[in-house]
Each structure stands twice: as structure tokens, then as C-alpha cells.
Amino acid sequence: MQTTYQMFVETTVPSDELIVSRTDLSGKITYANETFAQISGYEVDELIGKPHNIVRHPDMPHSVFKTLWETLQRGEMWKGYVKNLRKDGGYYWVYAEVSGVYKDGVLIEYKSLRVPMDEETKVKMQRTYDEKCEQEEHKSRVVVYLQSDLVHKVETLAREKACSSDKIINDILGDTLF
């Protein structure tokens, strides 16, 4: 359970910056430019070798990435809007273009180029993705304000049961409301 306000803090991608990364065919990062590291809150060395979904924000519907992979498997370029998760729990939005890299006609890796997007599009895409998550995954984005003592109780229970605070809250709501 995120208990800081960092999750509400957006890092803005500067208009003159280009975020670049490459991955192997399984999606592990093989190259990340300094801009990617800076915007995502990681060091370049922390990104290399990790799955690119290290920056996947929970607001992103799974179907978006399913479509991305299907598009790439057809040998086509995927273009779309993505909300990414920063290392510190914040987020940033980008317009992304992902395509295959070929050598002598053989697919050897993927490259992703990402640029900033305007505020109006961010709002539109957040609404679109919230709707997709509700329809496709039956999950909703919710902000809840709890008394501090309740937050501490949930965190203590999660530690005792060796699970996430989110699981505790889901269990409580599932058991008491339904």
C-alpha cells in the first residue's frame, strides 16, 4: 500500500528530451539513455538487464501491452500513450513508438523512442485507461483516506502475514462487504 503522496507526483518529460531504450527479444533492457534513467528515477546500471515492465504503472491496462506485443510480432511499429511508474512511486506520461531492429533481415532487438505529451491528452488517456481497466480487468483506481492508526494496523497485519497491504485491504473488503 502506497502511504506517501509521491504516487501523485508527476515528473514532466522536458519537451526537448527523447527517452530511448532497447531490449532483447524477451523485453529485458539492453540500453537506456541517461534521459530514461533520469525521468524514471533509476540509474542506467539499475535498468540494464531488467524487464522493461519495471516501469509499468498499475494504471496501465494489460490489453495495451498485449496489443503492443501482437503488433511487434507482426513486424509492425506500435505507437501509443503510456503512463510509466518511477522508482520512487511517482509517474510520468509519454508518447511511445516501439519497433523491431533488424540485422540482415533478422529481428535482433526492439527499440523504444518516447517523447512528452500534452496535458489534455494525459487527462483523456487516464480516463480511457481507467475505463479499460474497469471493463477488461474489473479493477478501479481508488484513492482512500484512512486514519493513521488504521494504516499502521493494516501494515502490521501485512508484515505478520508476509503479504502486501493491498492484499489485506482486498481481503477485508471482500470478507465484510460481500
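A few remarks follow.
- With 22 Å as the limit on Cα-Cα distance, the pairs of LYS66/LYS139; LYS79/LYS124; LYS28/LYS66; LYS50/LYS161; LYS28/LYS124 that go past it are LYS50/LYS161; LYS28/LYS124.
- Size estimate for the chain follows the Kirkwood approach: the inverse of mean 1/r over distinct Cα pairs works out to 18.1 Å.
- Based on DSSP H segments of at least four residues, each scored -39500 (n - 2.57), the chain has a per-residue ellipticity at 222 nm of -11000 deg cm²/dmol.
- By the rule of a C-alpha distance below 19 Å, with chain neighbours fewer than 8 residues away ignored, the aspartates and glutamates paired with LYS87 are GLU10, GLU34, GLU43, ASP45, GLU46, ASP59, ASP166.
- For LYS103, net neighbour charge (Lys/Arg +1, Asp/Glu -1) across residues whose Cβ lies under 15 Å away: -1
- Net charge of neighbours whose Cβ lies under 9 Å from the Cβ of ILE54, counting Lys and Arg as +1 and Asp and Glu as -1: +2
- Ranking of SER63, SER15, SER112 by neighbouring Cβ atoms within 10 Å, starting from the fewest: SER15, SER63, SER112.
- Taking amide H as placed 1.01 Å from N in the peptide plane, the amide H of ARG56 sits under 5 Å from that of LEU85, each at least 5 places away or on another chain.
- Here the scattering of segment 79-120 is modelled by Debye summation over its C-alpha atoms, one equal scatterer each and no solvent; at q = 0.14, 0.32 Å⁻¹ the log10 of I(q)/I(0) is -0.45, -1.05.
- With contacts taken as Cα pairs under 8 Å and at least 6 residues apart, segment 80-178 reaches a relative contact order of 13 percent.
- Under 5 Å from the amide H of TYR31 lie the amide H atoms of ARG22, each residue being 5 or more positions distant or on a separate chain, with H modelled from the backbone and absent for Pro and chain starts.
- Pairwise Cα distances in segment 1-99 exceed 24 Å for 19 percent of all pairs.
- Once the Cα atoms are used to define both axes, helix 62-73 deviates from the longest principal axis of the chain by about 20 degrees.
Every number here is computed from the coordinates shown, using simple stated rules; none is lab data. As the structure is a computational prediction, the values presented were derived from the model and not from experiment. Here Cβ is always computed from backbone atoms with ideal geometry, including for glycine, and neighbour counts include all displayed protein chains.
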